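Q: What follows is a structure written as structure tokens; I'll ask about it next.
The values are calculated or read from the model by the stated rules, or taken from the named source; none is laboratory data. All of these numbers come straight from a predicted model, not from anything done at the bench. Neighbour counts are summed over all protein chains in view; Cβ atoms, including those assigned to glycine, are modelled from backbone coordinates with ideal geometry. We work out accessible area using only protein heavy atoms, side chains counted, and drop any ligands, DNA or RNA first. Shrake-Rupley method; radii C 1.70, N 1.55, O 1.52, S 1.80 Å.
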Amino acid sequence: MDSRNVKAWGVLAALILAFPVVAWLAPGPSSSGMERASERIGWSDPVEADPIAHEVYARVNDERSARGLPPLEWHDGLADIARRWSEEMIRDTYEHSLPEFRAHPDFFATGENIAMGYLDAGGLHVGWMESDGHRENILDPNHTAIGIGIVCRNDGAMWATQVFGVAHGTTPSPGRGPTSVDPIERRDAGPECPAPFGRDLIFDRRQPDL
């Protein structure tokens, strides 16, 4: 199945940090069928997808640079949180983590983007950038650091988490920063999840009970 078909069931959800309010956007559908399929198909260790995560990280900073925003620092602690949450989602349920799960002593607040069902770094990044809530997290001037964790299912589909950190002492920006979707700096596919079981196992989200 090509990436266009996979994008048809790619699912996104964003937890957006505001000052002082946290907002939920685009809750995911019931994913019990997806969880059962994932258990049957299996997945690789999240660390194996780190090259994809770093490619998405580079694209995030490309978007920020193009809009005059400072780059986000890659933070290993946030990346570890993101990896663990992506694996939790593929194993259990597709939803946002709790603030306590994302808490890290280096930061006084966090934001989160999650997604599932994409095949490659480009599709994942464009999916996030074309969604208002996810784009706001990526371009939020208050965010200072990021960690990204991706789990590749054995049919090539990915479960992904971005965790954004706000450093102690950050003065809240009065605005949300740039909000325009275009231009998206990078639309090329980039690295993709391996599919040792073949991509014909990928299912459409319109068939949640497979």
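Q: Taking the residues in region 73-107 that are open to solvent by 30 Å² or more (accessible area, probe 1.4 Å) and of a type in the set (Lys, Arg) as candidates, determine which candidate is farthest from Trp128 (Cα to Cα).
A: Among them, the one singled out is Arg91.
Q: Also, I was wondering about something else. Out of (1) modelled with pLDDT of 90 or more; (2) under 19 Å from Met89 (Cβ atoms); (3) surrounded by fewer than 20 Cβ atoms within 10 Å (Cβ to Cβ); (4) in contact with a helix residue (DSSP H, G or I) (Cβ under 6 Å, 6 or more places away or on another chain), what's the single condition that is false for Trp128?
A: (3)
Q: Looking at region 131-144 only, could you name the residues that are under 16 Å from the mean Cα position of the chain (by Cα) and open to solvent by less than 10 Å² (accessible area, probe 1.4 Å)?
A: Passing the criteria: Gly133, His134, Asn137, Ile138, Leu139, Asp140, His143.
Q: State all residues of region 117-142 that are small (Gly, Ala, Ser) and in a loop (DSSP other than H, G, I, E, B); if no residue qualifies, say none.
A: Ser131
Q: Something else now. Which residues, taken from region 32-72, are assigned to a helix (DSSP H, G or I), modelled with pLDDT of 90 or more, open to solvent by 70 Å² or more (accessible area, probe 1.4 Å) and not hydroxyl-bearing (Ser, Thr, Tyr)?
A: Pro51, His54
Q: Sticking with this structure for a sec: Cβ contacts < 7 Å: first residue farther than 11 Å from Asp120 by Cβ, restricted to region 181-196; second residue outside any loop (DSSP other than H, G, I, E, B) and open to solvent by 50 Å² or more (accessible area, probe 1.4 Å), any location; separation 6+ or different chain. Result?
A: Every condition considered, the pairs that remain are Glu185/Asp62; Glu185/Ala66; Arg186/Asp62.
Q: For region 156-170, give me the residue count where each residue is surrounded by fewer than 24 Cβ atoms within 10 Å (Cβ to Cβ) and in a strand (DSSP E or B).
A: 2
Q: Do the conditions hold for Ile114, that is, is it open to solvent by less than 60 Å² (accessible area, probe 1.4 Å) and either touching a Phe, Trp or Tyr at 6+ places or on another chain (Cβ under 6 Å) or outside any helix (DSSP H, G or I) (or both)?
A: Yes.
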